[in-house]
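Report on the structure given below.
The values are calculated or read from the model by the stated rules, or taken from the named source; none is laboratory data. Owing to the predicted nature of the structure, the values given are computational and were not obtained by experimental measurement. Remember, those area values only see protein heavy atoms, side chains included, never the ligands or the DNA or RNA. Shrake-Rupley method; radii C 1.70, N 1.55, O 1.52, S 1.80 Å.
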Amino acid sequence: MHKSGLLALADTYGLDRRELQQLKLLAEGYFDALRDQLASCAGTSIRLSALAQSISSFKEICAGVPICQLVFLGSNTGVAALVKVDAAFARSLVDYVISGKTSPQDASRGLTTVEEYLVSNTMVTACTRSATSTLAAQLNPGGEL
């Protein structure tokens, strides 16, 4: 039987049902906090959809994605999670931060260097704040992201 998502993650790390439920709640809390942080950065409400948790190699996830659309979360000892933003969301975020509105006609247009920097900074800030408020509190004393 093929397992995916959190079930595959639990199986990979030998988590029991209680630990799996804690992981699920942490992930949900993280994405709620991320939405709030992005809304704060953009100055408007943001709806996150088509979110997915998966187990993949970094090579698979990073293939063909500009570095500005990837945020690695971890500590000095290793990466704990990776958040990847698709091109349409990156374009919408840039458009809204710059002009206060999104333009569906330009959704496929690539990002300029300045726009990539804007996406990267916005995502890093939002992801770091979200991780600090939801995940870091669960780490052992002295744990940090």
Using a probe radius of 1.4 Å on heavy atoms only, what accessible surface per residue do you get for segment 24-87? Whole Å² is fine.
63
Please work out the C-alpha center-to-center distance from segment 13-52 to segment 57-94 and express it in whole Å.
15
